[in-house]
Amino acid sequence: MDDLTFVDWQPDGAVATVWLDRPPVNATDTALYEEIREFFGRLPEYLPDARAVVLAGRGPHFCAGNDLAEFRTLDPDNAVLRLKTAREAFWAVYDAPVPVIAAVHGVAVGSGLAIAASCDVVVAAEGARFGTPEVNVGVLGGAKHLSRLVPQGVVRLMHYTGEPWTAEKLMPFGGIAEVVPADRLLDTAQGLARSIARHSPVTLRLAKRGLNAIEYMDLKSGYEFEQGLTRELSGHEDSKEAVNAFLERRDPVYTGR
């Protein structure tokens with residue numbers, strides 16, 4: 001389980017940091033996609049104590065997109081399996097049972113943008129660039145992930161032109177939580193993760209499930225789904241501990257039950 005080559009991780013209590021580590025620019029290929037799918041698909045086994053995870057990239061960039069060498073051999077026959085592997089890696093991040101915070105520096109373009117946008121929250125270093133350059137290299141994809149960060153009009157502009165935008169330019173649209181100096185990026189993301197990880201692990205797992213489920217539901221269906229999670233949560237000890245601690249003006253002590 002621990003013999004991953006391109007994904008590295010470091011637990012620190014209830015917070016863990018995970019790095020993409022495929023030099024020189026963390027370009028994705030089939031092997032990296034498989035490792036992302038493996039790691040995030042089995043996150044509780046790799047990081048059993050984590051209540052929140054920071055996802056970062058080693059080297060000069062978060063992720064500079066797909067390794068273009070793989071596109072040179074892409075055809076309608078082999079594309080089916082290759083594209084399935086890619087999307088399953090993105091889904092593994094999106095469906096991780098705990099909140100995941102992307103800490104983006106350098107570039108997050110193409111598959112790099114998809115990985116970042118699959119996270120729950122994005123924090124960026126000053127000057128970090130995001131983009132969907134797929135049209136530049138004869139493929140498509142990334143627009144739907146980009147729509148988690150910016151409105152549709154901006155999605156279309158960025159997708160058609162293939163030009164990257166800086167974090168500063170994107171931040172007003174709400175998809176990027178904070179832009180900070182590069183030397184503060186990891187500390188900022190980890191601090192945010194700690195502010196999340198102070199809550200009950202069972203509550204966080206249900207909250208993550210709920211947010212993913214209601215993202216594209218209408219108001220009535222989404223709220224009814226959330227009420228169902230409240231019903232489920234009410235059967236856990238942590239739910240009563242949260243309200244009792246609040247009423248008794250003390251810090252809660254969560255057990256994950």
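Quick check on GLY256: is it of a type outside the set (A, V, I, L, M, F, W, C) and modelled with pLDDT under 95? Spell out how you get there, then give the answer.
On the way: of a type outside the set (A, V, I, L, M, F, W, C): yes; modelled with pLDDT under 95: yes.
Considered against the rule, which asks whether it is of a type outside the set (A, V, I, L, M, F, W, C) and modelled with pLDDT under 95, GLY256 comes out as yes.
When you check VAL150 against the structure, is it surrounded by 13 or more Cβ atoms within 10 Å (Cβ to Cβ), farther than 30 Å from LEU74 by Cβ and either out of contact with any Lys or Arg (no Cβ under 8 Å at 6 or more places or on another chain) or modelled with pLDDT of 95 or more (or both), yes or no? Steps first, answer last, please.
Working: surrounded by 13 or more Cβ atoms within 10 Å (Cβ to Cβ): yes; farther than 30 Å from LEU74 by Cβ: no; either out of contact with any Lys or Arg (no Cβ under 8 Å at 6 or more places or on another chain) or modelled with pLDDT of 95 or more (or both): yes.
Answer is no for this residue.
Can you give me the number of residues within the stretch 137-160 that are part of a loop (DSSP other than H, G, I, E, B), more than 25 Å from ILE101 (Cβ to Cβ) and small (Gly, Ala, Ser)?
Taking the stretch 137-160 first, the residues part of a loop (DSSP other than H, G, I, E, B) are 138-142, 147-151.
Filter once more, keeping what is more than 25 Å from ILE101 (Cβ to Cβ): 138-140.
Restricting the remaining residues to those that are small (Gly, Ala, Ser) gives 138.
Number satisfying all stated conditions: 1.
Kindly indicate whether ALA86 is under 19 Å from VAL7 (Cβ atoms), assigned to a helix (DSSP H, G or I), of a type in the set (A, V, I, L, M) and touching a Ser or Thr at 6+ places or on another chain (Cβ under 9 Å).
yes
Taking the stretch 10-40 only, how many residues are of a type in the set (Gly, Ala, Ser) and surrounded by fewer than 18 Cβ atoms within 10 Å (Cβ to Cβ)?
Qualifying residue count, the stretch 10-40: 2.
ALA96: under 12 Å from the mean Cα position of the chain (by Cα) and not in a loop (DSSP other than H, G, I, E, B), yes or no? If you could, list the steps in order and put the result at the bottom.
Working: under 12 Å from the mean Cα position of the chain (by Cα): yes; not in a loop (DSSP other than H, G, I, E, B): no.
When the stated conditions are applied, ALA96 does not pass them.
Could you list, in sequence order, all residues of the stretch 172-231 that are more than 23 Å from PRO44 (Cβ to Cβ), part of a helix (DSSP H, G or I) and in the same structural domain as GLN152 (by TED's automatic domain parsing)?
PRO172, PHE173, ALA182, ASP183, ARG184, LEU185, LEU186, ASP187, THR188, GLY191
Can you say whether GLY41 is modelled with pLDDT of 95 or more and over 30 Å from ARG198 (Cβ atoms), as far as the supplied structure shows?
no
In the stretch 78-115, what residues are out of contact with any helix residue (DSSP H, G or I) (no Cβ under 8 Å at 6 or more places or on another chain), within 23 Å of VAL135 (Cβ to Cβ) and not β-branched (Val, Ile, Thr)?
Within the stretch 78-115, ASN78, ALA79, LEU83, LYS84, ARG87, GLY106, GLY112 qualify.
Taking the stretch 245-257 as the region of interest, how many residues are surrounded by 12 or more Cβ atoms within 10 Å (Cβ to Cβ) and either outside any loop (DSSP other than H, G, I, E, B) or in contact with a Pro (Cβ under 8 Å, 6 or more places away or on another chain) (or both)?
Result for the stretch 245-257: 3.
Let me spell it out: the conditions are (1) among the acidic types (Asp, Glu); (2) surrounded by fewer than 17 Cβ atoms within 10 Å (Cβ to Cβ); (3) part of a helix (DSSP H, G or I), and GLU163 meets all of them except one. Which number is the exception?
(3)
The values are calculated or read from the model by the stated rules, or taken from the named source; none is laboratory data. All values reported here derive from a predicted model rather than from experimental measurement. Note: ideal-geometry Cβ built from the backbone for every residue, glycine included; neighbour counts use all protein chains shown.
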